[in-house]
Amino acid sequence: MPPNSDWARSNGSTVRLPDGTALDSTGTVTDGVQEAINFACGNGLRGSGNSDLEIIGGSEKTGNYQLDGQAVFDCVGGIVFPAMQGKFIKMGAITLNVSSGAAAGITFDSMMMVDVDMSASQLVFAGLGNALKFKPTVVPQIDGIAFGIPPVITDSRLKLGHIANVNTANTTP
C-alpha cells in the first residue's frame, strides 16, 4: 500500500500506522507482525482498533530480508489473532517462519464478520504443536458484548495459502 494508505502496515520491524507514523515494536519477537495485528484489533493505544490490516509482500522490502521477491518474517513466538469483529486482514506474498519454541504457528480467537486473506502467504512452522489453531475463548468485540454471543468463529472467511510443517518430530498436522 502507498505511504498515505489508511491501513496499518508492517514494513520490516516497523509497523506503519494509518497516519504514517511508526508504532513502537521494540523487543518484537515477530518482526512487527504481532504488533501490527494488535494495533489493528485494538490494543488500547490511541487510534487502535479502527483499522484493517495489510502486510505487504512481494517486491516490497519487508521483514529481515527478501528471498526471490518474497518478504520473510522470522517469528520466535507464534502469531495470535485476538477476538475480532468487522475486520479485513490481508497478507501478501510473505513467509512467516515460526520457530520451534512456539506452541502454535498461528492462533485465531473469536471471529465474526472477518475476512482473512493469506492466499499468497505461507506459514513455515517448526514447533511441536499445531501449525494452525482455531480457539475461540473471548466473546466477539461488538455483538458478543451487546447480545451475549459466546466465543465463536462465524460469518467469516479465511483464505489460507501454504502451511509447511518442517519439524520432522511433529506428529500433529
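The values are calculated or read from the model by the stated rules, or taken from the named source; none is laboratory data. Remember, it's a predicted structure, so these values are computed and weren't measured experimentally. In this analysis, Cβ positions are derived from the backbone assuming ideal geometry, glycine residues included, and neighbour counts consider all displayed protein chains. Accessible surface areas use protein heavy atoms only, side chains included; no ligands, DNA or RNA. Shrake-Rupley method; radii C 1.70, N 1.55, O 1.52, S 1.80 Å.
For segment 79-173, the Cα gyration tensor yields ellipsoid semi-axes of 26, 15, 9 Å (square root of five times each eigenvalue, largest first, whole Å). State, to one decimal in nm, how far the label point of residue 145 lies from the label point of residue 26, with both points 7 Å from Cα in the Cβ direction. That separation, rounded to one decimal, is 3.0 nm. Each listed q (0.14 Å⁻¹) maps to a log10 I(q)/I(0) for segment 109-162, found by the Debye formula over equal Cα scatterers with no solvent: -0.47. Remark: segment 73-173 carries 45 Å² of accessible area per residue (probe radius 1.4 Å; ligands, DNA and RNA excluded).
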